[in-house]
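These notes are about the structure you will find just below.
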Amino acid sequence: MSLPHTTLISAVPVPFHADGGLDEKGLQPLYRFLEAAGVDGVFVAGTTGEFTALDDDERETVLTEALAVFGPERVYHHVGAASVRQAERLTARAVALGARNLAAITPYYLPAGPQSLVDYYRRLDAVAGGARIFVYLYGARSTTTVTPAQLAELAELPSVAGAKISGEPTSRVMEYVRAAPEGFVVYSGNDIEFGDFVRAGGDGGVSGVSSVFPMPFVALADALRRGDEQAATAAQDRVKRAVDAVAGADIALIKAGLGLQGLPAGPPRVALDPPSPAQLDTLRAAIQELT
């Protein structure tokens, strides 16, 4: 069965200099690398982009450079924050810069209650200016739990058009798909289950691993669109190799993999251990095989 609406969005890291400063000139080469590889879009200033370590001006720079390469319809810009005040400000500014697809993680660190959760997205909806908002659920990191029924309630807001759900298996994400209204778009952040999720009825994936190894994911997405299960099985084997090479989606390993390919990446700004020599050897072997 062909799945023509399969969507592959790469979650893109942010390149930094050795001193931790933003490498502004490194952003477009990363985006152009992914555009040339054939991904459908990019998810920027999200978890893979270390948004918790970016200031508001840096998040705007990340967006501006992405828009210059992918255009407004293929950029998904993360505007979520721990406080609705900051998220409102980021949303309004992103819309003014030309963003049409926005993602907003739930309030995080302290878990939001049901009333405050709805208020958070209602206030973002009020400043969305016609842009689409994707509710970003990542309970393991945010500590805010959202049920399928609560997501369906959020979907009633005019600008809320979809969701990106990370840290959950396909079986759980499908509970949200079934609870959402018709036409509501749901993306999974589970790299290894990208194909399984689309076959189950999901719309596609937001993949951090595809930012360093795009070709296996592009091949899988293309095979799913054609309904070529033999090609999809072969591509899935390569996707697994890519996921294993970066230990699931370790940001330090993703950035190291980009650096080994001669692309701008630099060190993480968040507190992560550097890759071990053995991990770097694994990355080198994967790059030789998968790029």
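The values are calculated or read from the model by the stated rules, or taken from the named source; none is laboratory data. Keep in mind that this is a model prediction, so the values were computed, not measured. Ideal geometry is used to build each Cβ from the backbone, glycine not excepted, and the neighbour counts take in all protein chains shown. Please note that ligands, DNA and RNA were not included when accessible areas were found on the heavy atoms of the full protein model with its side chains. Shrake-Rupley method; radii C 1.70, N 1.55, O 1.52, S 1.80 Å.
Side notes on the structure shown:
- Residues in the range 126-149 that are crowded, with 19+ Cβ neighbours inside 10 Å and not in a loop (DSSP other than H, G, I, E, B): I133, F134, V135, Y136, L137, S142.
- Scanning the range 203-219 for residues that are open to solvent by 10 Å² or more (accessible area, probe 1.4 Å) and either farther than 28 Å from G266 by Cα or at pLDDT below 95 (or both) returns a single hit, D203.
- Residue check for I254: of a type in the set (A, V, I, L, M), at pLDDT 95 or above, assigned to a helix (DSSP H, G or I) and open to solvent by 10 Å² or more (accessible area, probe 1.4 Å): no
- Which listed residue, of D119, D125, is free of Cβ contacts under 8 Å to residues at least 40 places away in the same chain, closer than 18 Å to A180 by Cβ and of a type in the set (D, E, K, R): D125
- Pairs meeting the criteria (first residue in the range 226-237 and touching a residue at least 12 places away in the same chain (Cβ under 8 Å), second residue assigned to a helix (DSSP H, G or I) and among the basic types (K, R), beta carbons under 9 Å, at least 6 apart or on different chains) are A232/R199; A232/R226.
- Count - residues of the range 156-169 that are open to solvent by less than 20 Å² (accessible area, probe 1.4 Å) and over 19 Å from I9 (Cα atoms): 1
- Residue in the range 75-82 that is surrounded by fewer than 18 Cβ atoms within 10 Å (Cβ to Cβ) and either farther than 22 Å from G257 by Cβ or modelled with pLDDT under 95 (or both) present: yes
- Qualifying residue in the range 231-238 (condition: open to solvent by less than 10 Å² (accessible area, probe 1.4 Å), modelled with pLDDT of 95 or more and β-branched (V, I, T)): no
- All helices (runs of 4 or more DSSP H) inside the range 1-100 with 2 or more residues being without any contact (Cβ under 8 Å) to a residue 60 or more places away in the chain and in contact with a strand residue (DSSP E or B) (Cβ under 8 Å, 6 or more places away or on another chain): 56-70, 84-97
- As a summary of the residue check, R172 satisfies the conditions (1) crowded, with 17+ Cβ neighbours inside 10 Å; (2) part of a helix (DSSP H, G or I) except for the one numbered (1).
- Number of the condition not met by G266 [criteria: (1) touching a residue at least 24 places away in the same chain (Cβ under 8 Å); (2) surrounded by fewer than 19 Cβ atoms within 10 Å (Cβ to Cβ); (3) assigned to a loop (DSSP other than H, G, I, E, B)]: (2)
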